Every structure is written in C-alpha cells, then in structure tokens.
Amino acid sequence: MSLLRRIGALVGASFATAALVLSLTGCSQTIAMQAAPNADDPQCAAMMAQLNKTGSYDTIAGLPRVWTDAQSTAAWGSKAEILMACGVEVPMASTTPCQTIAGIDWLVDSTDKDHYRVTTFGREPAVQLFISSRTDGLSPTEVLDRFAKPMLGSRVLATCTERPTS
C-alpha cells in the first residue's frame with residue numbers, strides 16, 4: 001500500500017472514530033445549574049473530588065450521574081431527580097425541621113410538592129440538595145446517607161437541637 005493510501009486510510013479511520021465519539025457524547029445530557037455564592041470554597045473542591053472518584057458516586061439510589069455546567073454542582077437521573085450544589089449560604093437558626101442522618105444535620109423543607117429541599121445545617125460550606133418527591137422508590141434518607149462521607153470534612157458550626165414541645 002502506498003504512503004498516500006495509508007495516510008488516507010488513517011485519516012478516514014480518525015474521522016470515523018471522531019464521528020463515533022461525537023455521536024456517543026451527543027446523547028449525553030448536561031444539566032444547566034448556577035454555581036452557589038461560595039462554590040469556590042476549598043472544601044467544596046474536596047467534596048467534588050470525593051464525588052468524582054471513579055465508581056463511588058456514578059449512581060445514587062439507582063440513578064446515573066449526569067453532567068452539570070456549574071462549579072461545585074452535581075446531578076443524578078435522566079430527569080435530574082437529584083441536584084446538588086456546594087457553597088450555598090450557611091443557614092443557622094431556622095424553623096425548618098432539622099434531622100440528623102449518618103452524622104450530618106440537614107434542614108428538610110418538604111413544602112414543595114415536587115421535591116424536597118435539604119440543606120446542611122451548621123456546616124461550612126453548606127450543601128443543598130433537591131430530591132424529587134415524585135420518583136417512585138427514591139428515598140431522601142438513602143440519598144442523604146450517601147452524602148454523609150463527603151460531608152464529614154466540612155467545618156461544624158452548630159448542630160440540630162431538640163424542639164421544645166408545647
């Protein structure tokens with residue numbers, strides 16, 4: 001085979017490979033999100049590194065991880081059933097119910113019929129998740145339990161307290 005034909009075959013193979021890669025990536029989904037005000041906190045970077053470890057968080061509650069387009073964010077599910085942002089404003093005193101799951105305190109806001117909004121309480125940087133309440137079999141407790149390990153490195157400023165009973 002002449003040099004010209006070998007180059008032509010090589011270029012053709014390269015284009016075929018590029019077309020295959022583009023066709024595969026063309027199907028991937030990217031979730032548009034906005035970075036939180038403190039997304040550049042080094043602890044957010046550490047948490048994202050933990051979430052990005054190969055295989056560790058590829059799925060949560062059976063939902064595959066999908067790409068996001070903002071710093072310190074992550075999402076799971078073809079319909080973005082779980083959204084996560086690190087670096088949101090740190091909530092302190094709150095009337096929202098506070099629950100401790102796997103050593104992490106979370107404010108659990110269930111006032112929206114479509115999703116739970118849960119935010120770490122008394123931790124810096126704060127992390128907020130939106131978890132679909134309309135997805136069968138999706139347990140917010142299971143999701144929050146999975147986030148405990150990457151959250152343990154954040155600074156503790158306060159903890160949940162018992163609510164007084166009337």
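Among the residues making up segment 110-161, those that are open to solvent by 80 Å² or more (accessible area, probe 1.4 Å) and within 14 Å of residue 44 (Cα to Cα) are 149, 152, 155.
Here residue 72 does not fit the description of being surrounded by fewer than 18 Cβ atoms within 10 Å (Cβ to Cβ), more than 27 Å from residue 161 (Cα to Cα) and touching a helix residue (DSSP H, G or I) at 6+ places or on another chain (Cβ under 8 Å).
From the set of residues in segment 70-101 that are part of a strand (DSSP E or B) and of a type outside the set (A, V, I, L, M), which is nearest to residue 128 (Cα to Cα)?
Step one: of segment 70-101, the residues part of a strand (DSSP E or B) are 73-76, 82-88, 98-101.
Then keep just the ones that are of a type outside the set (A, V, I, L, M); that gives 73, 76, 86-87, 98-100.
Details: 73: 10, 76: 14, 86: 7, 87: 8, 98: 14, 99: 14, 100: 15 Å.
Only one residue tops the list, namely 86.
Checked across segment 97-108, the condition of being touching a Lys or Arg at 6+ places or on another chain (Cβ under 7 Å), more than 18 Å from residue 153 (Cβ to Cβ) and open to solvent by less than 30 Å² (accessible area, probe 1.4 Å) holds for no residue. Please specify each residue of segment 107-131 satisfying the condition of being in contact with a helix residue (DSSP H, G or I) (Cβ under 9 Å, 6 or more places away or on another chain), over 19 Å from residue 34 (Cβ atoms) and not acidic (Asp, Glu). Result: 108, 110, 116, 123.
Mind listing whichever residues of segment 109-130 are within 16 Å of residue 161 (Cβ to Cβ) and in contact with a Lys or Arg (Cβ under 8 Å, 6 or more places away or on another chain)?
The one that is within 16 Å of residue 161 (Cβ to Cβ) and in contact with a Lys or Arg (Cβ under 8 Å, 6 or more places away or on another chain): 123.
Taking every residue in segment 137-151 that is touching a residue at least 60 places away in the same chain (Cβ under 8 Å) and pairing it with any residue that is basic (Lys, Arg), at least 6 positions away or on another chain, the pairs with Cβ-Cβ distances below 9 Å are 151/123. Just one of the listed residues (43, 50) is buried (at least 18 other Cβ atoms within 10 Å of the Cβ), in contact with a Lys or Arg (Cβ under 9 Å, 6 or more places away or on another chain) and not aromatic (Phe, Trp, Tyr), and it is 43. If the condition is being open to solvent by 60 Å² or more (accessible area, probe 1.4 Å) and modelled with pLDDT of 95 or more, then segment 87-96 contributes only 89. In segment 73-95, the residues that are farther than 27 Å from residue 63 by Cβ reach residues that are in a strand (DSSP E or B) with C-beta atoms within less than 7 angstrom, at least six apart or across chains, in these pairs: 90/124; 90/126; 94/107.
Annotation note: of 105, 145, 136, the sole residue that is over 17 Å from residue 48 (Cβ atoms), more than 15 Å from the chain's Cα centre (by Cα) and not in a strand (DSSP E or B) is 136. One residue stands out among those in segment 60-69 that are among the aliphatic types (A, V, I, L, M) and assigned to a strand (DSSP E or B): the one that is least open to solvent (accessible area, probe 1.4 Å), which is 60.
The values are calculated or read from the model by the stated rules, or taken from the named source; none is laboratory data. Computed from a predicted model, the values in this text were never measured in an experiment. Quick reminder, even Gly has a Cβ in these numbers, built from the backbone with ideal geometry, and neighbours come from all protein chains shown. Calculation scope for accessible area: heavy atoms of the full protein, side chains included, ligands and nucleic acids excluded. Shrake-Rupley method; radii C 1.70, N 1.55, O 1.52, S 1.80 Å.
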